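K.L.:
Would you mind keeping the following structure in view while I ask a few things?
The values are calculated or read from the model by the stated rules, or taken from the named source; none is laboratory data. Quantities reported herein were computed from a predicted structural model and do not represent experimental measurements. Neighbour counts are summed over all protein chains in view; Cβ atoms, including those assigned to glycine, are modelled from backbone coordinates with ideal geometry. In case anyone asks, the SASA skips ligands and DNA or RNA and just uses the protein heavy atoms, side chains included. Shrake-Rupley method; radii C 1.70, N 1.55, O 1.52, S 1.80 Å.
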Amino acid sequence: MQKKTITPLVLAFTPNYVVPAATCIWSILDHSNPSAHYHIICLLTEPLSEDLQLLLQDLDPKRLQFTFLNLKDYQLNIYVDERYTIAASYRLLLPELLPNYDKVIYLDCDIIVRQDLAAVFEKTDLRNNYLAAVYEAALPFQEDYLKSIGSQPGDYFNSGFLIMNLDLLRQDNMAPQFLEASKQQGLQFPDQDVLNQLCKNKTVPLSPIYNGIRTYFLPQYMDDFLKRYSAKEWEEVQKTGTIHYTGAKPWNHFTVKFDIWWHYFDKLPRAIKELNQVNIKMQRLYRFRSFGFGRWVLDPVLTLYRKIKY
């Protein structure tokens, strides 16, 4: 009998993010080969109750196995911008936290996956590199900051989706170096900035379809996108690109591609949907838009809102 291949995925979240995490996981399953199996490693900054753990485990017991790592008492002693929780910073410690894995995928919870993660994990050859990631198409207002931290526009990646070479990161003792660099004051995106600084020239570029940040779905930013990527890649992102809700979250706000997030939320077991971690008004808006008349009314409003908001 052929040995079952299990792809390790790491998510970091708090109890009030169980619904987004579950929605993300459901989208992963929906776009994977039915034979794909995943080990979901949850990095927790607060204890997750047994009931909540069971809800996640019941998403698909045949294809999913879970490990819950409670890091509440793990002192990082690093700079954390007030806009963010410390949860995401634990990705810097993965080489030490997961000694039994040489390679893992890390992804944020505010993501809807529209690619086969088991397939990209298998085919991505990290060689002598620390990471594989999607580079951002920098916007003009970001350029001065990127240069100030040692990055050039177009050569700065988003850390919301990473394939990590834990073996090489351990060999080079990078986790302590990440933590030391994270003590810098004033970093706009602390863990992401540090990864860009210390993994420079040791990161494999991935197609933008694996981490479509908000601006990749807004037509007014297409010209900026084309400075880094092609028109064909723009179309691929629109059709099948993974959606990373950087900025306003679709479970609370009328944001870009909010309807796709709600589509996957609707597929969740009722017990998870009843955790009351979403904005009911947004849910009603999604329901209204699902009818032809609702789409006719709302889409022009959403287009105008995007232009004003972004």
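K.L.:
So, of the residues in segment 193-218 that are within 21 Å of Leu117 (Cα to Cα), in contact with a Ser or Thr (Cβ under 8 Å, 6 or more places away or on another chain) and not in a loop (DSSP other than H, G, I, E, B), which turns out to be least open to solvent (accessible area, probe 1.4 Å)?
P.N.:
Among those residues, the one meeting the criterion is Gly212.
K.L.:
Answer yes or no as to whether Asp259 is at pLDDT below 85 and acidic (Asp, Glu).
P.N.:
no
K.L.:
Check Lys183 against each of (1) within 20 Å of the chain's Cα centre (by Cα); (2) at pLDDT below 95; (3) under 23 Å from Ile149 (Cβ atoms); (4) of a type outside the set (Phe, Trp, Tyr) and name the one condition it does not meet.
P.N.:
Result: Lys183 fails condition (1) only.
K.L.:
Would you confirm whether or not segment 227-234 contains a residue that is over 22 Å from Arg287 (Cα atoms) and in contact with a strand residue (DSSP E or B) (Cβ under 6 Å, 6 or more places away or on another chain)?
P.N.:
Taking segment 227-234 first, the residues over 22 Å from Arg287 (Cα atoms) are 227-234.
Going one step further and asking which of them are in contact with a strand residue (DSSP E or B) (Cβ under 6 Å, 6 or more places away or on another chain), we end up with none.
Checked against the condition, which is being over 22 Å from Arg287 (Cα atoms) and in contact with a strand residue (DSSP E or B) (Cβ under 6 Å, 6 or more places away or on another chain), segment 227-234 yields no hits at all.
K.L.:
Here's a follow-up. Could you list, in sequence order, all residues of segment 136-154 that are of a type outside the set (Gly, Ala, Ser) and within 19 Å of the chain's Cα centre (by Cα)? Steps first, please.
P.N.:
Here is the first cut: in segment 136-154, the ones of a type outside the set (Gly, Ala, Ser) are 136, 139-147, 149, 152-153.
Matches in segment 136-154: Glu136 only.
K.L.:
Next up: Looking at segment 90-106, is at least one residue modelled with pLDDT under 90, surrounded by fewer than 19 Cβ atoms within 10 Å (Cβ to Cβ) and farther than 21 Å from Asp266 by Cβ?
P.N.:
No, segment 90-106 has no match at all.
K.L.:
Hey, Cys24 hits all of (1) open to solvent by 70 Å² or more (accessible area, probe 1.4 Å); (2) under 24 Å from Pro250 (Cα atoms); (3) in contact (Cβ under 8 Å) with a residue 40 or more places away in the chain but one; which does it fall short on?
P.N.:
Only one criterion in (1) open to solvent by 70 Å² or more (accessible area, probe 1.4 Å); (2) under 24 Å from Pro250 (Cα atoms); (3) in contact (Cβ under 8 Å) with a residue 40 or more places away in the chain is unmet by Cys24, namely (1).
K.L.:
Also: When you go through Thr215, Thr246 one by one, which is the residue that is touching a Lys or Arg at 6+ places or on another chain (Cβ under 9 Å) and of a type in the set (Val, Ile, Thr)?
P.N.:
None of the others qualify; the one that does is Thr246.
K.L.:
Having 2 or more residues that are crowded, with 17+ Cβ neighbours inside 10 Å and hydrophobic (A, V, I, L, M, F, W, C) is the bar; report the helices (runs of 4 or more DSSP H) wholly within segment 113-185 that clear it.
P.N.:
Fully inside segment 113-185 and qualifying: 117-123, 166-171, 174-181.
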